[in-house]
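Step one of this worksheet: look at the structure below.
The values are calculated or read from the model by the stated rules, or taken from the named source; none is laboratory data. Small disclaimer: the values here were computed from a predicted structure and weren't measured. Here Cβ is always computed from backbone atoms with ideal geometry, including for glycine, and neighbour counts include all displayed protein chains.
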Amino acid sequence: MTMRKLFGDKKEDPSKEIQKSESEISSDSTDTKITDANYSRNKLFKKGVSLMADERMDDAARAFEDAIRIDPGHVDSLLKLGYTRFHMNDLGSAMDAYNKVHEIDVTNAEAWNLKGLIFYRQKNYEKALECVEKAIESNPTDGMSWYNKSCYHSLLNHIPESIEALKRSIEIDVKNAKKAVRDKDFENIRADEGYRRIVEVVVLESVRQGYHKVGQIVWTTMLGKLDVEDAARKLVEKGLLTKTEKNLGLQKVEEYEIVPELAEKIGVEKKVFFGTVKKSHPLVIQNLKEISEAIHAVKTAIENGDVKDVISKLDVFIEPSKKGGQMIEYFFEEHRDIRLFKARLNAKGSEYLQDNKQKMIDLFDHIEMMITKKLRNEAAQNS
């Protein structure tokens, strides 16, 4: 079972960085304390996150509790408090924290997923499954919830359901395939043909990343040698890989390459001198351009004030079958904001749109700016 990492540094957009003199910084700090009613709460919250990163869970819990005393409705502090209590094995207090989150917002997907982990720890897989189902209902594009759902189904010996959930998880984030092949929760489904195809995905991704020998693939995936050889053989039979034999001293070494047609579609990484990697990502470029086109469409809908049209256009950035997966990969924080916009529009309609029109346009302008930077970086890498 894998848990989402709930803390970490947030990388700021370099274009927003402004160099300040010491006097300016001091002035800003004073102004913040005066104008920000939540200054003390936010300071305690950040302190708690920092203590979590240092694995000082007792101290982190106290910081979050202090933040909650200031603002009992601060969802982020409640979630983090639950997480710290969970890792202190105080499952009752962790559940209390998540219940308080749901008193504020019963649709909070993160709290549902974390409740599921508490039941998982207690080996109550039926209840864990109920919780993760609610998490997915609130946020159907959360790959980790789908992954956990697959684990619970496997532990309950629901093999077809486990395979289907795992596939959905991998569609959202291919890294989940690599996690799955090492996860003991999937012992019940390892013999299933659907699971064997997931092993093939892991081997194919390893070759795409520039690892062409069986030994290299074993090392990078932690799969067994026989599993790698079997998956590679099937991928060759399906016309997705080619196999060549090269002489290495007195030995013959087998190497695998992605066929050119597929390589052109998915992009490949090639190892060059000094261990660096030169990347070719035509699919990334295509996805970014398509997201940019969708941004133009949604901004027009926002300007026109048509709520139904805006909601329809927002779905492009949310649905996994459209650009949801790519948004999660490239613009995770912004993807969350867009989901929130949609939920508010569904609840409040045109009133919310009129009050937040500029805020929504600013977000999409920001995404467009990041797309421009990413496209420039791709062009520079491939030049």
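What residue, among those in the stretch 197-253 that are within 25 Å of Pro160 (Cβ to Cβ), among the hydrophobic types (A, V, I, L, M, F, W, C) and not in a loop (DSSP other than H, G, I, E, B), is modelled with the highest pLDDT?
Leu235
Which of the residues spanning the stretch 336-358 are polar (S, T, N, Q), in contact (Cβ under 8 Å) with a residue 24 or more places away in the chain and either farther than 15 Å from Glu303 by Cα or crowded, with 16+ Cβ neighbours inside 10 Å (or both)?
Filtering the stretch 336-358 for residues polar (S, T, N, Q) gives 346, 350, 354, 356, 358.
Checking the rest, the ones that are also in contact (Cβ under 8 Å) with a residue 24 or more places away in the chain come to 346, 350, 354.
Residue satisfying the conditions is Asn346 alone.
Would you check if there is a residue in the stretch 139-146 being surrounded by fewer than 19 Cβ atoms within 10 Å (Cβ to Cβ) and farther than 23 Å from Ile328 by Cα?
Among the residues of the stretch 139-146, not one is surrounded by fewer than 19 Cβ atoms within 10 Å (Cβ to Cβ) and farther than 23 Å from Ile328 by Cα, which makes the answer no.
Surrounded by fewer than 21 Cβ atoms within 10 Å (Cβ to Cβ), within 28 Å of Met222 (Cβ to Cβ) and among the aliphatic types (A, V, I, L, M), is that true of Ile172?
no
Hey, can you tell me all the residues within the stretch 187-196 that are modelled with pLDDT under 85 and assigned to a helix (DSSP H, G or I)?
Listed by number, the residues that qualify are Glu193, Gly194, Tyr195, Arg196.
Mind listing whichever residues of the stretch 198-243 are within 29 Å of the chain's Cα centre (by Cα) and of a type in the set (Ser, Thr, Tyr)?
Ser206, Tyr211, Thr220, Thr221, listed by residue number.
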